[in-house]
Amino acid sequence: MDVRQADGVARAAADLDSRAECWLRAAITLSSLIGCRALANLLAAIPDSNDDFGVF
């Protein structure tokens, strides 16, 4: 991408790229937070000792 163009085409493309990058970063951050919460829930469901296996 050539930012030296005077007609604003490259600048508009750069703005779109930065806006898309911002949304991508927000989506990645949100998904990582959701993933961490899901992992915490999964680990909390694992029994701590054999006594927790009441069925066996």
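The values are calculated or read from the model by the stated rules, or taken from the named source; none is laboratory data. This one's a predicted model, so the numbers in the text were calculated from it and none came from an experiment. All Cβ positions, even for glycine, are placed from backbone atoms using ideal geometry, and neighbour counts span all protein chains on display.
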Ala13 vs. criteria in a helix (DSSP H, G or I), modelled with pLDDT of 85 or more and surrounded by 10 or more Cβ atoms within 10 Å (Cβ to Cβ): no
Out of Arg37, Arg25, sole residue that is under 12 Å from the mean Cα position of the chain (by Cα), among the charged types (D, E, K, R) and at pLDDT 80 or above: Arg25
